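Read-outs: derived from the displayed coordinates by stated rules, not from any lab. Please read all numbers here as calculations on a predicted model, not as lab measurements. Neighbour counts are summed over all protein chains in view; Cβ atoms, including those assigned to glycine, are modelled from backbone coordinates with ideal geometry.
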Amino acid sequence: MSVFTNGRNVVIHFARQTCINTKPQSWQLLQHQLCTRTVTINKKSSLNRIQFGQYTTSHRLSADAITGQSARSVAMIGGPPFSKARQVRSITNSSVSIPDLPPQGLFNTPGSLKLRVKQILWAGLGIGTVVSAVGIAWIPSYREQITIYTAGIFRSVATFVTGCLCMADYKILHLRYVSVGYTSDTYKAERKVVHQRCADRLLRLCRLNTGIYCKAGQHVASLTYVVPPEYTNTLSVLQDRAPFKSMKEVEEVFQEEFGQRPLELFREFESVPMAAASLAQVHRAVTMDGRIAAVKVQYNNVSRLFKTDMWTMQTLSNIVGFIFPEFELGWVVEEFRDNLTAEFDFTIEARNGEATKERFKNRADFYVPEIYWDLSTKKILTMEFIDGVKVNDIEALQKLGVSPKWVRSTLLEVFAEMIFQHGVVHCDPHAGNILVAKDKYTGRAQFVLLDHGLYRTLDDTFRYNYCQLWRALILNDNELLVRAATTIGIPEQYVEFIPLIFIQRPASSTQKIGEGMTASQRQEVKSSMKNVTMADVFEFLEVLPRDMLLVFRTINLTRGIHQQLGGDNVERFHINAMFATKGVWSETREEEQVRRLRREKRRRDRLNGRWGWLASWWYGIEDDMDENSSAATRAYGKQLGLGPKNRWYLFGDTPTLYRSIRYIWDSFTMKWRLWAVEGLLRMWLWWAGKDVAEAMS
């Protein structure tokens, strides 16, 4: 063994298959180089057994610091290239002479020079890596990618931690009651506590991650027909207000979309948002020509984090399905992903709004804000500013001079017309997306619909049979109910749940509409549902058509607002029944297309008359419908059963005289069922001294 020192370090060269062990209080081992088998020992603390003098020609090293006795009491240091750690040989002499430092210097010896070169190379590599990372971070595109990756990792970790805590909570609860059973009141009470605890965790997660997670929380809050009330009540606060983003982020979006700052495009632009949602926030602005506008700006990274967030949610749902096989949540994530994809493109939202405005052009009390296309892109939507109040703010409605009764009936009529007649449904009608305002020209109340990002176009077959399903529920026609439900795609064994979901009574009930269930019927329903597990509920929801799920969502949201405004079930059933009857006999989407083609053909025929060339030249219209297209239109209309002129639009937007007559008859039958019978029901409840509002709610 040879020892060298430079006054600061002691370097000990030792033979192969030997390792050195030291007292912890005396020595601090910093590194051992495998190539030269060198150990460097720094003087970092008080070393009682070693004395260093100033470097002259020789130094003495106390042998008591390295002894065989002390080596047995501490952990040995070993590893490659040593096959096993071995105890150091005992040093018996009282001291070890340390030779003078070689003339060429300690670090110029062959082993030390090699060590020094390696240290320089490693240091250079480390410095180069740090400098490269800092340089990349200053490049905007790379800096943005680093930010997204970092945020994605953070969001995923937070999601998995929250999910694991919730799964552990439920698993512990199930294991505690596996021997007792899950029907006791104690278990149900503790399950409610666990529901609330996990709902609070999810709320914190949504507020932490914001963006898509807030949207997912809103989606869960709307699933009142399957999610426990602890979740829906807790997560419903996400529909009120989301946290604001800074003006700096808003300017970044404007630079990305327009290449200009907001104040370069608008005369005025308020830096503080007037409202914020899960995916965007809204600023009040004034255009260069003086129009007051509402500018909806999408959050900067929400679309970029979409894939990461969806992967996280899908993975977590797979883990939940593996641990709890009765909870299959994959279809919920898929449905959420499909619905959310279109909401990132604001031009789709703008086109949906304009199409809805066109479909409701005959209703003076319905309004959709005008879109300013020259100031709109995929991430920025500029529209007419509407000064209104929230649809469920009763106090504000009264100050505005608008009756809550008018608001709730208009709410039901608008969405019933969407579902039963148009077949194009706004699927996010929470209170924040609906305003009540005064018409700026007439001063009359208007129902203003916002946020047209999430729409679903219903298949004509589904729309027709959904109308028949509602007629069957109102008329208590079980045969028609089964036929309509199975045609939609609902398995027959689940048809019995439909009346409970829509009108809150069993299919076998003989009670009048709106009267509710008796105590015996409630007990019957409880006993029949006793053996229904959560797996059955999720299976039922999974086999439902996706159109039905979104219709459920829309109905639940509008029903909640209707109840907040003081509405009852009788009013809701009446409006839905009348529009369902109208939807059965009104024209389909294909028939509407034929009507438009025929109207176009008649216009072309007029242009081909004696003075048609003059009109064609004056209006700049060319006759591009050839004879083959005209013949195809006539044949298609005949196949659909339409008359040659298709002018029967007397009642209920029906395309033929026969369907007009059927609509009149069915409407009379439905009104008799709803008005006369329910009127007698109200009188009987009043005579019996019962609370009419409570009995019909």
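Side notes on the structure shown:
- Over all other residues within a Cβ to Cβ distance under 11 Å of GLY330, the charged ones net out to -3, with Lys and Arg as +1 and Asp and Glu as -1.
- For THR210, distant residues with modelled amide H under 5 Å away: none
- Sites GLN398 and GLU249, calculated FRET efficiency, Cβ-Cβ separation with R0 45 Å, nearest 0.05: 0.70
- If R0 is 22 Å, the Cβ-Cβ spacing of ASP459 and GLN493 corresponds to a FRET efficiency of close to 0.40.
- The simple spin-label model puts a point 7 Å past each Cα toward its Cβ; for ASP200 and LEU263 those points are separated by 4.5 nm.
- Modelled FRET efficiency - R0 51 Å, LYS361 with TRP331, Cβ distances, 0.05 increments: 0.85
- Added length on full extension, which subtracts the Cα-Cα distance from 0.36 nm per residue, TRP373 to VAL180: 63.1 nm
- Cross-link pairs beyond the 28 Å C-alpha cut-off, checked among LYS440/LYS582; LYS296/LYS438; LYS405/LYS440; LYS361/LYS671; LYS215/LYS438; LYS361/LYS440: LYS440/LYS582; LYS215/LYS438
- Contour excess over end-to-end distance, with Cα ends at ALA168 and ASN318 and 0.36 nm allotted per residue: 52.5 nm
- ³J(HN,Hα), Karplus 6.51/-1.76/1.60, whole Hz, each residue of segment 408-419, x for Gly, Pro: 5, 5, 5, 4, 5, 5, 4, 6, 5, 5, 4, 6
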